[in-house]
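Chemist: Pasting a structure here, questions to come.
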Amino acid sequence: MLLQRCPLRSFTVVGDRAQARHGFRESWEERLERVGLGTTHQTSLTINYRTPQEVMAAAEPVIRAALPDANVPTSIRSGPPVRHGQVDDLEKLLTDWLAANADGVACVIATHDAGWGSLPASPRVRVLSPELVKGLEFDLVVLVKPDGFGDGIEGAVDRYVAMTRATQQLVILR
């Protein structure tokens with residue numbers, strides 16, 4: 001469709017193979033050549049302004065396990081260390097975060113069968129599945145049982161995307 005509408009064949013195509021849930025094994029050059037764009041110039045994002053260094057340090061091995069050549073940009077700012085805990089800590093964690101932060105939004109990312117129980121009622125706390133968080137960002141991200149997000153590329157991508165939604169703090173509950 002695009003090739004028919006743009007006779008100059010000049011496009012800007014943006015995408016992140018590390019966020020392709022169903023796999024993206026081809027290089028960008030291979031994929032674009034396959035659709036009729038044989039001459040390409042590729043530039044990769046190298047700087048991450050959203051996600052703190054500590055979160056990216058935890059997320060990078062998650063995606064590289066499935067996509068060793070994934071483009072993982074370098075974060076330019078730091079934040080608190082990634083915290084780890086138990087699912088039973090969730091309600092207290094959120095209550096404490098809401099009390100300590102007058103602004104901001106937290107997101108609990110969990111599968112429907114993660115067994116995380118009830119949460120404090122708040123318009124500042126979202127509960128989403130890993131499939132629904134792509135493109136979003138939150139001050140606090142809490143992953144509930146991320147090993148249950150799936151296997152293979154799809155599971156690795158869901159974990160990586162979920163982790164990198166944090167703009168301030170990431171907490172992983174097992």
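Chemist: Could you identify which residue out of Asn71, Asn101, Asn48 has the top mean-square fluctuation in a GNM of the chain using Cα springs shorter than 10 Å?
Modeler: Most flexible of the set in this elastic network: Asn101.
Chemist: What are the semi-axes of the equivalent ellipsoid of the chain, taken as the square roots of 5 times the eigenvalues of the Cα gyration tensor, listed largest first and rounded to whole Å?
Modeler: Whole-Å semi-axes of the equivalent ellipsoid: 34, 17, 15.
Chemist: What FRET efficiency comes out for the pair Leu119/Thr46, r = Cβ-Cβ distance, R0 = 30 Å, nearest 0.05?
Modeler: 0.20
Chemist: For the residue pair Asp103 and Lys145, what label-to-label distance in nm results when each label sits 7 Å from Cα along the Cα-to-beta-carbon direction?
Modeler: Taking the simple label geometry, Asp103 and Lys145 are separated by 3.6 nm.
Chemist: Taking N as the number of residues in the range 42-115, what is its Cα Rg relative to 2.2 N^0.38 Å?
Modeler: In units of the 2.2 N^0.38 Å rule of thumb, it is 1.37.
Chemist: Something else about it: May I ask you to compute the full-extension gain from Phe11 to Val35, defined as 0.36 nm times their residue separation minus their alpha-carbon distance, rounded to one decimal in nm?
Modeler: Value of the extension gain: 7.4 nm.
Chemist: Something else about it: Given labels modelled 7 Å from the Cα in the Cβ direction, how far is it in nm from Glu131 to His112?
Modeler: 0.9 nm
Chemist: Leaving out ligands, DNA and RNA, and with a 1.4 Å probe, what % of the accessible surface on the range 1-144 is carbon or sulfur?
Modeler: So the carbon and sulfur contribution to the accessible surface is 54 percent.
Chemist: At 20 °C and a viscosity of 1.002 mPa s, what translational diffusion coefficient does Stokes-Einstein give for the range 1-82, taking Rh as the Kirkwood radius over Cα pairs? Give it in µm²/s as a whole number.
Modeler: In µm²/s, the coefficient rounds to 144.
Chemist: Please determine, in degrees from 0 to 90 and to the nearest 10, the orientation of helix 53-64 with respect to the longest principal axis defined by the Cα atoms of the chain, where the helix direction is its Cα long axis.
Modeler: The angle comes out near 60 degrees.
Chemist: Here's a follow-up. Give me the log10 of I(q) over I(0) for the range 99-165 at q = 0.15, 0.23 Å⁻¹, as the Debye formula computes it from C-alpha points; what are the numbers?
Modeler: Log-scaled intensity ratios, in q order: -0.46, -0.98.
The values are calculated or read from the model by the stated rules, or taken from the named source; none is laboratory data. Note that the structure is a prediction, hence the values are computed from the model and not measured. Neighbour counts are summed over all protein chains in view; Cβ atoms, including those assigned to glycine, are modelled from backbone coordinates with ideal geometry. SASA here: full protein model, heavy atoms, side chains in, ligands and nucleic acids out. Shrake-Rupley method; radii C 1.70, N 1.55, O 1.52, S 1.80 Å.
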